[in-house]
Amino acid sequence: MKILVLQLARLGDIYMTWPALRAIKRMHPNCELHFLTRSKFGAATEGLKVVDHHLQMPTKFFLEPLIQPTLDLEDAMKRLGTFVDALKAEEYDWVINYTFSPASSYLTHAITGPKTRVTGYTRHSDGFLGIPDEVSAYFYAQAGVTGYNRVHLTDLFISMLGYDYVDSDWDPPQVDGRDFGLPEKFILAHIGASEAKKSLPPFKWARVLKNFFDHNLETPVVMIGAANERNLGEAIEAGVSRGRIINLIGQTQLREVFHLLKSAQMLVGCDSAPMHMAGLTNTPCLNISFDSVNFWETGPKATHSFIYKASFPEDVVSEELGAYMHQVLQGKAPAELIQRSSGLESYQVPQEDPQELFTWNLVQALYLSGNFPVTDNLQFCQAISKIYEVNDLARQNIRQIPDKGLEVMAPLLDRADEVIAAVARVMPSVAPIVKWYQTEKARIPAGSQEEVAQWTLEVHEKLQRILSVYMLEDSIKAHESNFKE
């Protein structure tokens, strides 16, 4: 069997893919496993022994003709076509797309043969997005910064395969590394991130470290980061008057970070590749997370890890974070922090927002056979009632397509979708249901008018059954009575 896994996102996403790749090789030891990444992030595969062939997508090479003084679209398409043809010639038995992007879906479709099994985003024969598996449909509907998902990406990856992890899937790589003359005990601090909005500014880092040293002068802090972040490191050093800082920013190869993580007592940093590398070395982490990321999906997976959550970098309280660094280092579990836990949800939140919990329970009911959560929110029930009414009318319109024709009924169906989407914007708590519905509609493949109408009707029928849970007459009357009181 020949298997191709695509991961065209950044470094951290590649490291989060490692355990799934190991699981694939473990379940199919005789397979020929190929792994495709962008050339820019190819270094994140060093030490990944289970991959037989690491393929690199030279994005810059494809775009080069488009950024020349004389635009050459034909040359760009020719370069891309040659790359795609080479992949298609491999005749893969199974293509697994872990990228979750529209662009990657086109590539997946282009290299897929008639007998190829596909997992992850692809394209239908008519060019529309294809979502063949249930986990990818779940991701499309519920994941992302604005979504409601609480399942970690690494767990979604393995669920797409239908496998389970074993401990060895999370083993650290055997890579060479230097000790840099470091002391026996130290904290590792990664000061950067893939985007500025995901990281702390230098003055804030300096205040955090200063406050840490107020509690602990014995443990040095080793800073790491990219070469273009050296000036940030120098600014941080200048702002810390006591304690010992060892500045290795720009002095480490990516694979050497594994060596440092193995020796470190703890990693402190924002959402970044080292935070995901620490999951493979099981190094305790203190992750600084902002609203620009979804910590449920990309937080640290190492045991005894914690998350300090703030809306924006400027909201970080330096005194608090410095004290938390010391407490975690001492093996304590600060009650105010989000804590790593086991199970479907990888983290335990100290003070759960009732509305967020209700929404998550609703998601579990839709996808994981959980019980639909009870609510006394009249506005929620009214929104459900409105969607129920509109959906019922849409079902009637679909049944009239054979008699009145699609040209007549299509505008009415489009209007129904617009109203349903508008209800979700007004009442966000019903959004998981609406997003489920929209995704199921998007998954309908190309077919004859009769086939598409039947498949569409089936989606509306499923939606009506879901809505009916909250359409019990006695329940609505009770809500209205409580509201009046």
Item to check | Nearest-ten-degree value, helix 102-111 long axis tilted from longest Cα axis of the chain | outcome: 80 degrees
Checklist entry - Can you give me the relative contact order of the chain as a percent, contacts being Cα pairs under 8 Å and 6 or more apart? => result 13 percent
Checklist outcome for this item: Counting every C-alpha pair in the chain, the percent lying more than 40 Å apart is 32 percent
Checklist entry - What lysines could a cross-link reach from Lys462, if we take a straight Cα to Cα line under 20 Å and drop same-chain neighbours fewer than 8 places away? => result Lys386, Lys435, Lys441
Checklist entry - Among the trypsin sites (Lys or Arg not before Pro) within the range 1-106, which fall in a DSSP loop and have no more than 16 other Cβ atoms within 10 Å of their own Cβ? => result Lys49
Checklist entry - Given the convex hull over the Cα atoms of the range 187-348, what projected area results after averaging over all orientations, in nm²? => result 8.3 nm²
Next on the checklist: Based only on other Cβ atoms within 10 Å, what is the fewest-to-most ordering of Thr70, Thr281?
Outcome noted: Thr70, Thr281
Next on the checklist: If I fit a long axis through the Cα atoms of helix 354-367 and take the longest principal axis of the Cα atoms of the chain, what angle between them do I get, 0 to 90°, rounded to 10?
Outcome noted: 60 degrees
Checklist outcome for this item: Computed, not fitted: 222 nm per-residue ellipticity of the chain from DSSP H runs ≥ 4 (each -39500 (n - 2.57)), nearest 500, equal to -14500 deg cm²/dmol
Checklist entry - Listing Val328, Val469, Val374 from the residue with the fewest other Cβ atoms within 10 Å to the one with the most, what is the order? => result Val374, Val469, Val328
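None of the figures in this text is laboratory data; all of them are computed from the coordinates on show. Worth saying up front: this structure is predicted, and the values here are computed from it rather than measured. Every residue, glycine as well, gets a Cβ built from its backbone with ideal geometry; the counts of neighbours run over all protein chains shown.
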